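The values are calculated or read from the model by the stated rules, or taken from the named source; none is laboratory data. Source: prediction; values computed, not measured. Note that each Cβ is placed from the backbone with ideal geometry, even for glycine, and that neighbours are counted across all protein chains shown.
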Amino acid sequence: MEILLLILGLLLFVGLVVVHEFGHFIVARRNGVDVEEFGVGFPPKAKTLFTDKKGTEYTLNWLPLGGFVRLKGEHDQDSQKGTFGAATFWAKTKIILAGVVMNLVTAWIIFSFLALVGIPRLPLPGGEAQFTVASDTKILRNDIFVGYVEPSGPADQAGVKAGDKILGLLAQQDVLGDTGCDNGSEDGTCRQKTIVAATDLRKETERLLASGETNPILQVERGGQVLNIATTPRTLQEVTDSEQTDTPKGYLGVQPYDYTVQRSTWSAPIVGAGLIAQFSKLTYQALGGAVGSLFRGNASEAGQNVSGPIGIFVVLRDGASFGLPYILLIIALLSLTLAIMNTLPIPALDGGKLAVMVLFRLIKKPLTPQLEERIHGTGFISLMVLFLVITVVDIKRFF
């Protein structure tokens, strides 16, 4: 099932670029600009699917990283009828920004749909709460999972794995069903959910240690099976001493996190719009932080705020274990990110094309085809270099 969800996520990711390019395509046609080719994937060309009555060639290409629309006469100074250059400035602006609008609409539709049926709540920077309308929000699910496992820490030595679902932390006698377990089962598992939030794990550990329990049982669910894992937590003194250092350590050496799913009804469209505003703000802040880190000469810190295709693959792969809603949430965030990136005034991107057009109109100088190609060609090469650097960073980060 997880493999199918991963494949679906990858197909939807490619679909986001197709949707983006379809925005350019439909608005160009509505404004009298001829579309010569609509390609899925990047060249070299693999196959021509068909050619429509208006002469647009629909193609599949070998590099499955996105798609493109090739307009007739894409230079700003082209003047032949049916070319992009011959369109009015307002028409050109609409054509350039149409892809951004399509990705924003796609993100809003997915966010709104998820809010209606159940949307995962993400941990946001600074503990910021995910946008919702409180009076119209119902918690459908709240589970706690093991995130980071400290290498050679108590949990790692006991056999706890990242991705385990935490059910409880129990004393030995509770697991055996002798005392304190109202829902014990015949196989000896307590299945008592004593951990209802990620912050409870530390509290429960301290409580059991204070009661004299030296080997509490961490009860987890893995692959549909309930496991009782005996642990040997660090002492209070060890934890306290570590907190005075640069590498503080917890009792068990794990970092749990909450996986909460919440649902709205009448406010779902409002939640969708609110999430676009909230995540857009956070994305721009992250981009600003990355640029600031680069100017300070801290490339490694900047690399933590960006990711490429490999990073996206890893996120989709890990998200597949949480089911379809989580995959759709990732796709909505990617659609929003694609829209945001194309608003940036970077040559070769939509925002860069619009910025160059506006700049040369402001300075009242002609934007010759040769100069335009040089500007956007340089931008494209720079993006490819950045793409390779990010890919290397992702490989080091995830593998």
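What is the number of the single condition among (1) part of a strand (DSSP E or B); (2) of a type outside the set (F, W, Y); (3) touching a residue at least 12 places away in the same chain (Cβ under 8 Å) that L49 does not meet?
Single failed check for L49: (3).
May I ask you to verify whether R222 is among the charged types (D, E, K, R) and more than 29 Å from the chain's Cα centre (by Cα)?
So R222 does not fit the description; no.
Testing L8 on (1) of a type in the set (A, V, I, L, M); (2) in a helix (DSSP H, G or I); (3) touching a Lys or Arg at 6+ places or on another chain (Cβ under 7 Å), one condition comes back false. Which one is that?
For L8, the failing item is (3).
Which residue pairs have Cβ atoms under 8 Å apart, sit 6 or more places apart or on different chains, and have a first residue in the range 372-384 that is of a type in the set (G, A, S) and a second that is surrounded by 13 or more Cβ atoms within 10 Å (Cβ to Cβ) and in a helix (DSSP H, G or I)?
That search, which allows pairs on different chains as well, returns G379/G352.
So, in the range 34-46, how many residues would count as being part of a loop (DSSP other than H, G, I, E, B) and within 15 Å of V14 (Cα to Cα)?
Result for the range 34-46: 0.
Can S280 be described as surrounded by fewer than 19 Cβ atoms within 10 Å (Cβ to Cβ) and touching a Lys or Arg at 6+ places or on another chain (Cβ under 6 Å)?
Answer is no for this residue.
Quick test for you: out of V271, V315, V291, V261, pick the one residue that is at pLDDT below 90 and under 30 Å from L4 (Cα atoms).
Exactly one of V271, V315, V291, V261 is at pLDDT below 90 and under 30 Å from L4 (Cα atoms), namely V315.
So is V69 over 27 Å from K365 (Cα atoms), under 26 Å from the mean Cα position of the chain (by Cα) and not acidic (D, E) or not?
yes
State yes or no: is D241 loosely packed, with under 15 Cβ neighbours inside 10 Å and outside any helix (DSSP H, G or I)?
Criteria not met by D241.
To keep it simple, each residue is scored yes or no on (1) farther than 30 Å from A273 by Cβ; (2) modelled with pLDDT of 90 or more; (3) not hydrophobic (A, V, I, L, M, F, W, C).
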position: E150; (1), (2), (3): yes, yes, yes
position: A162; (1), (2), (3): yes, no, no
position: K165; (1), (2), (3): yes, yes, yes
position: D174; (1), (2), (3): yes, no, yes
position: T179; (1), (2), (3): yes, no, yes
position: N183; (1), (2), (3): yes, no, yes
position: E204; (1), (2), (3): yes, yes, yes
position: E213; (1), (2), (3): yes, no, yes
position: N228; (1), (2), (3): yes, yes, yes
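In the range 329-386, what count of residues is obtained for those that are surrounded by 15 or more Cβ atoms within 10 Å (Cβ to Cβ) and basic (K, R)?
Total meeting the criteria: 1.
Return the residue satisfying two criteria in turn: it lies in the range 45-66 and is at pLDDT below 90 and either among the small types (G, A, S) or surrounded by 15 or more Cβ atoms within 10 Å (Cβ to Cβ) (or both), and of such residues it is farthest from V18 (Cα to Cα).
Ranking the candidates gives P64 first.
Of everything in the range 342-399, what is closer than 21 Å to H24 by Cβ and part of a loop (DSSP other than H, G, I, E, B)? Give them in sequence order.
N342, T343, L344, P345, I346, P347, A348, L349, L367
Taking the stated definitions as given, is I276 in contact (Cβ under 8 Å) with a residue 40 or more places away in the chain, over 22 Å from P125 (Cα atoms) and of a type in the set (A, V, I, L, M, F, W, C)?
Here the answer is no, as I276 does not meet what is asked.
Exactly one of these conditions fails for P154: (1) over 26 Å from the mean Cα position of the chain (by Cα); (2) under 28 Å from I312 (Cβ atoms). Give me its number.
(2)
Do you know which of the residues in the range 130-168 that are of a type in the set (A, V, I, L, M, F, W, C) and without any contact (Cβ under 8 Å) to a residue 60 or more places away in the chain is nearest to T205 (Cα to Cα)?
L167
Which is surrounded by 11 or more Cβ atoms within 10 Å (Cβ to Cβ), more than 32 Å from the chain's Cα centre (by Cα) and part of a helix (DSSP H, G or I), of T232, T205, T214?
Working: T232 fails: part of a helix (DSSP H, G or I); T214 fails: part of a helix (DSSP H, G or I).
None of the others qualify; the one that does is T205.
Out of the residues in the range 23-44 that are buried (at least 17 other Cβ atoms within 10 Å of the Cβ) and among the aromatic types (F, W, Y), which is farthest from I96 (Cα to Cα)?
Top of the filtered list is F38.
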